[in-house]
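Read the structure below first, then the notes.
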Amino acid sequence: DFLSRHNISQTGLGTLIDSLANVRTLVVGDLIVDRYVDCQPLGLSAEDPTVVVSPVAKQEFVGGAGIVAAHAAQLGAEATLVSVRGGDDIGESAITQLEKLSVNTSILVDHDRPTTRKTRYRASGKTLLRVNELRDHQIDERIAEKLLKAVKERLSEYDVLILADFSYGVLGDELVNAILREVKGKRLITAADSQSSSQMGDIAR
């Protein structure tokens with residue numbers, strides 16, 4: 001129905017997707033790890049009104065700006081992610097996943113924060129509880145300068161720049177403005193994907 005409404009043929013869509021393999025994509029933003037824990041309900045607790053479950057399976061996926069870069073890479077493009085992670089096993093595992101998805105990485109370590117991870121506990125396909133492990137304060141000036149340098153060194157090698165902001169501290173106003181100044185005058189398509197958590201975000205800023 002979408003193709004019909006926009007007068008797009010299936011052949012034309014296929015040609016367009018194939019052409020994306022030639023688009024070199026640089027993604028800058030918040031790295032997130034999404035973990036899903038599938039549980040078997042056991043009943044209600046005798047001590048308090050709480051559902052008791054038993055975990056039966058766990059899965060982890062790269063999310064946030066990482067999945068944006070992964071989608072580009074899986075379409076055949078050369079894709080690089082510039083981001084920040086914590087000095088923990090979660091961050092190292094995320095880099096391993098990104099490499100398996102053919103994403104190049106330039107990810108700085110910030111020891112003042114954990115790698116952002118969102119865990120959803122599910123039973124019968126429904127989410128019972130979500131636990132967010134994160135610090136959403138802005139990255140410090142030293143790390144922001146290194147991140148900007150990593151972006152500047154790569155701008156001439158790419159066709160598209162995507163700023164993927166999930167409001168978890170990587171893309172502060174000063175850093176975004178500095179990146180946009182570097183982009184100005186260059187033949188580079190620049191796009192922004194800004195998302196804000198309903199619990200703690202403020203997209204108005």
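Taking residue 63 as the residue in question, decide whether it is surrounded by fewer than 21 Cβ atoms within 10 Å (Cβ to Cβ), more than 20 Å from the chain's Cα centre (by Cα) and either over 29 Å from residue 115 (Cα atoms) or modelled with pLDDT of 95 or more (or both).
Taking the combined requirement at face value, the residue does not satisfy it.
So which residues in the range 19-58 are hydrophobic (A, V, I, L, M, F, W, C), free of Cβ contacts under 8 Å to residues at least 60 places away in the same chain and either more than 29 Å from residue 84 (Cβ to Cβ) or in a strand (DSSP E or B) (or both)?
Those that are hydrophobic (A, V, I, L, M, F, W, C), free of Cβ contacts under 8 Å to residues at least 60 places away in the same chain and either more than 29 Å from residue 84 (Cβ to Cβ) or in a strand (DSSP E or B) (or both): 42, 44, 46, 52, 56, 57.
Just one of 167, 102, 124 is at positive phi and more than 17 Å from the chain's Cα centre (by Cα); which is it?
After applying the criteria, what remains is 124.
Residues of the range 39-49 being open to solvent by 50 Å² or more (accessible area, probe 1.4 Å) and in contact with a strand residue (DSSP E or B) (Cβ under 7 Å, 6 or more places away or on another chain), which ones?
Within the range 39-49, 40, 41, 42, 44 qualify.
Looking only at residues that are touching a Gly at 6+ places or on another chain (Cβ under 7 Å) and over 16 Å from residue 132 (Cα atoms) in the range 20-38, which one is surrounded by the fewest Cβ atoms within 10 Å (Cβ to Cβ)?
21
Only one residue in 77, 46 is among the aliphatic types (A, V, I, L, M), in contact with a Ser or Thr (Cβ under 6 Å, 6 or more places away or on another chain) and at pLDDT below 95, so which one is that?
Going through 77, 46 in turn, just one is among the aliphatic types (A, V, I, L, M), in contact with a Ser or Thr (Cβ under 6 Å, 6 or more places away or on another chain) and at pLDDT below 95: 77.
Which one of 181, 135, 154, 120 is over 24 Å from residue 77 (Cα atoms) and either touching a strand residue (DSSP E or B) at 6+ places or on another chain (Cβ under 7 Å) or among the hydroxyl-bearing types (Ser, Thr, Tyr) (or both)?
Every option except 120 fails the conditions.
Among the listed residues 123, 191, 150, 144, which satisfies the condition of being of a type in the set (Gly, Ala, Ser) and touching a helix residue (DSSP H, G or I) at 6+ places or on another chain (Cβ under 6 Å)?
Testing whether each residue is of a type in the set (Gly, Ala, Ser) and touching a helix residue (DSSP H, G or I) at 6+ places or on another chain (Cβ under 6 Å) leaves just 144.
Which residue, of 81, 98, 31, 26, is closer than 30 Å to residue 173 by Cβ and in contact with a Phe, Trp or Tyr (Cβ under 8 Å, 6 or more places away or on another chain)?
So the residue among 81, 98, 31, 26 that is closer than 30 Å to residue 173 by Cβ and in contact with a Phe, Trp or Tyr (Cβ under 8 Å, 6 or more places away or on another chain) is 26.
Among the strands (runs of 3 or more DSSP E) contained in the range 99-205, which hold 2 or more residues that are closer than 23 Å to residue 24 by Cα and open to solvent by 60 Å² or more (accessible area, probe 1.4 Å)?
189-194
So for the range 2-18 (the condition being in a strand (DSSP E or B) and of a type in the set (Phe, Trp, Tyr)), does at least one residue qualify?
no
The values are calculated or read from the model by the stated rules, or taken from the named source; none is laboratory data. It should be emphasised that the depicted structure is a prediction, and the values quoted were computed from it without experimental measurement. Quick reminder, even Gly has a Cβ in these numbers, built from the backbone with ideal geometry, and neighbours come from all protein chains shown. The accessibility values were calculated without ligands, DNA or RNA, using every heavy atom of the protein model including side chains. Shrake-Rupley method; radii C 1.70, N 1.55, O 1.52, S 1.80 Å.
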